[in-house]
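K.L.:
Okay, handing you the structure first.
The values are calculated or read from the model by the stated rules, or taken from the named source; none is laboratory data. Everything numeric in this text was worked out from a predicted model, so none of it was measured. Positions of Cβ are generated from backbone atoms using ideal geometry, with glycine treated the same way; all protein chains shown enter the neighbour counts. Heavy atoms of the whole protein, side chains included, go into the accessibility calculation; ligands, DNA and RNA do not. Shrake-Rupley method; radii C 1.70, N 1.55, O 1.52, S 1.80 Å.
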Amino acid sequence: MRILVTGGAGFIGSEYVRMLLAAPGSCGPADPQLEPSVVTVLDKLTYSGNLANLAAVRDDRRLRFVRGDICDQALVDEVVADHDVVVHFAAESHVDRSIAGAAPFVVTNVLGTQTLLDAALRHGAHRFVHVSTDEVYGSIDEGFWTEASPLAPNSPYSASKAASDLLALAYHRTHGMDVVVTRCSNNYGPYQYPEKIVPLFVTNLLDGRTVPLYGDGGNVRDWLHVHDHCVGIALVQQKGRAGEVYHIGGGTELTNKELTARLLAACGAGWDRVVPVADRKGHDRRYALDIGKTTAELGYTPSVDLDRGLAETVRWYRDNRAWWEPLKPAAGA
Ligand code: NAD
């Protein structure tokens, strides 16, 4: 099986590639049937893409790397042609950046997805896995979203992801394309660009600096280790029904304040290192996914305990300073 992974040099995409190629330290493919003959990474290497994320699989003869933009129709057409499956991670992914400027989000997340879908349609790729987010649903005070809940995105990031989800599903309904969509909760783990809350806080704390906590710290997120996300995507790639959406979540809700307390403890720091800052504009209060369908149909269950996962993640950033130190100035440390 020849698998094209867009955005495979980013945080989650690179974990997927390491998993597919069973890199040392990864858990290997969720199923031997996923064993790829070729894994091609198509990545523009924006600020968050990093070839160092693929160092563990650099010498694997099945890996090909193509530096390029998913909006480049000629290139995408050429690359997609040689593959059976497209797993589409490439995106502009940071909400704060989308508030500062939405244009790259619309271009990459919407036009880029359409460019890939068109190429996959032309070449009859047999499966297109579109990786998306719980943020497309907006905010929920109580209860959980199911895959049938209406989309009500609030940030330019989530609006662009919602648009791309709907496009992907439209290609299934209109053209009969074999499309599956995953929507996942907040990920944490190694190799995450240090602008997102977990690596930002951990690397600041390891450097003896303060950390900025938005508003009253009461915003709730469901946290999932990146490896569990990738296991879920692999199950959907392999067994998901065409035209369906599948939730991938961790079942571990924390307020940002509770998450901060855990990160402070893991880094041996106190609350004096936390600086309250004005809340993010339009900050969604709570995200919560019902993962019952993915569990019942595909046998998905998250396996990484949150405390263990966070402790391992802190240890990884402690042990891999050389990976994140050069990124900190651009991440707005
Ligand atoms: P990331 O920012 O770490 O990685 C994005 C990757 O896409 C980078 O390697 C970047 O170079 C590449 N890229 C960006 N624009 C591109 C373009 N025009 N052409 C080719 N490559 C391009 O993001 P991530 O956190 O790994 O997220 C991956 C996907 O998972 C995204 O689609 C995101 O919406 C989704 N997702 C993320 C989370 C999370 O918690 N991080 C949760 C749910 C879903």
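K.L.:
What FRET efficiency do you get for His126 and Ala74 if R0 is 22 Å and r is their Cβ-Cβ distance, rounded to the nearest 0.05?
P.N.:
0.45
K.L.:
Same structure, new question: Could you point to the residue in His227, Asn186, Ala278 farthest towards the positive end of the range 180-333's charge dipole, with +1 and -1 charges on the Cβ of Lys/Arg and Asp/Glu respectively?
P.N.:
Going by the Cα projections, it comes out as Ala278.
K.L.:
Can you give the Rg to Rh ratio for the range 164-323, taking only C-alpha atoms and Rh from Kirkwood?
P.N.:
1.03
K.L.:
Same structure again: Which order, highest average first, do 273-280, 306-313, 225-232 follow once you tally other Cβ atoms within 10 Å for each residue and take the mean per peptide?
P.N.:
Values: 273-280: 13.0, 306-313: 17.1, 225-232: 24.9.
By packing density, highest mean first, the sequence is 225-232, 306-313, 273-280.
K.L.:
Using the Kirkwood formula on the Cα atoms of the range 257-317, what hydrodynamic radius do you get, in angstrom to one decimal?
P.N.:
14.8 Å
K.L.:
Looking at the range 54-85, which trypsin sites (Lys or Arg not before Pro) are in a loop (DSSP not H, G, I, E or B) and have at most 10 other Cβ atoms within 10 Å? Mind showing how you got there, number by number?
P.N.:
Working: sites: Arg58, Arg61, Arg62, Arg64, Arg67; in loops: Arg58, Arg61, Arg62.
Of the trypsin sites (Lys or Arg not before Pro), the ones in loops of the range 54-85 whose Cβ has at most 10 other Cβ atoms within 10 Å are Arg61.
K.L.:
Would you calculate a helix-derived [θ] at 222 nm for the chain, using -39,500 (n - 2.57) for each DSSP H run of n ≥ 4 and dividing by the full residue count, to the nearest 500? The partial results should precede the final answer.
P.N.:
Values: 11 runs with 117 residues, N = 333.
Dividing the helical sum by the residues of the chain leaves -10500 deg cm²/dmol.
K.L.:
Using the Kirkwood radius built from alpha carbon pairs, what does the Stokes-Einstein equation give as D for the range 227-289 at 10 °C and 1.306 mPa s, in µm² per second?
P.N.:
Approximately 105 µm²/s, per Stokes-Einstein.
K.L.:
A follow-up question, please. Sort all Cα-Cα distances of the chain into consecutive 20 angstrom bins from zero, then give the percent of pairs in each bin up to the one containing the longest distance.
P.N.:
Pairs per bin, as whole percents: 33, 61, 6.
K.L.:
List the lysines whose Cα lies under 20 Å from the Cα of Lys293, skipping any in the same chain that are fewer than 8 positions away.
P.N.:
Here the lysines satisfying the reach criterion relative to Lys293 are Lys239.
K.L.:
Mind giving me the nanometre distance, one decimal, between the label points for Asp96 and Val275, set 7 Å out from Cα along Cα→Cβ?
P.N.:
1.1 nm
K.L.:
Quote the FRET efficiency, to the nearest 0.05, computed for Arg67 versus Ser303 with a Förster distance R0 of 30 Å and r equal to the Cβ-Cβ distance.
P.N.:
Working: r = 34 Å, r/R0 = 1.12.
It comes out at approximately 0.35.
K.L.:
Which percent of the accessible heavy-atom area of the chain goes to carbon and sulfur, probe 1.4 angstrom?
P.N.:
Result for the chain: 52 percent of the exposed heavy-atom area is carbon or sulfur.
K.L.:
Sorted by packing (mean other beta-carbon atoms within 10 Å per residue), highest first, where do 165-177, 246-258 land?
P.N.:
246-258, 165-177
K.L.:
Turning to a different aspect of this structure: Relative contact order for the chain: what percent, with Cα pairs under 8 Å and sequence separation of 6 or more?
P.N.:
18 percent.
K.L.:
Could you state the number of Å between the C-alpha centres of the range 228-264 and the range 107-153?
P.N.:
15 Å
K.L.:
Could you report the chain's accessible area per residue, 1.4 Å probe, as an integer in Å²?
P.N.:
Dividing the accessible area of the chain by its residue count gives 39 Å².
K.L.:
Which values, in whole Å and largest first, are the semi-axes of the equivalent ellipsoid of the range 1-157 obtained as the square root of 5 times each eigenvalue of the Cα gyration tensor?
P.N.:
Taking √(5λ) for each eigenvalue gives 26, 19, 17 Å, largest first.
K.L.:
Could you work out how much longer the chain between Ala261 and Asp207 gets when fully extended? Use 0.36 nm per residue separation minus the Cα distance between them, nm to one decimal.
P.N.:
Here the segment from Ala261 to Asp207 would lengthen by 17.7 nm.
K.L.:
So, by mean Cβ neighbours within 10 angstrom, what's the order for 151-160, 101-110 with the highest one leading?
P.N.:
Per-residue Cβ counts within 10 Å, averaged per peptide and sorted highest first, yield 151-160, 101-110.
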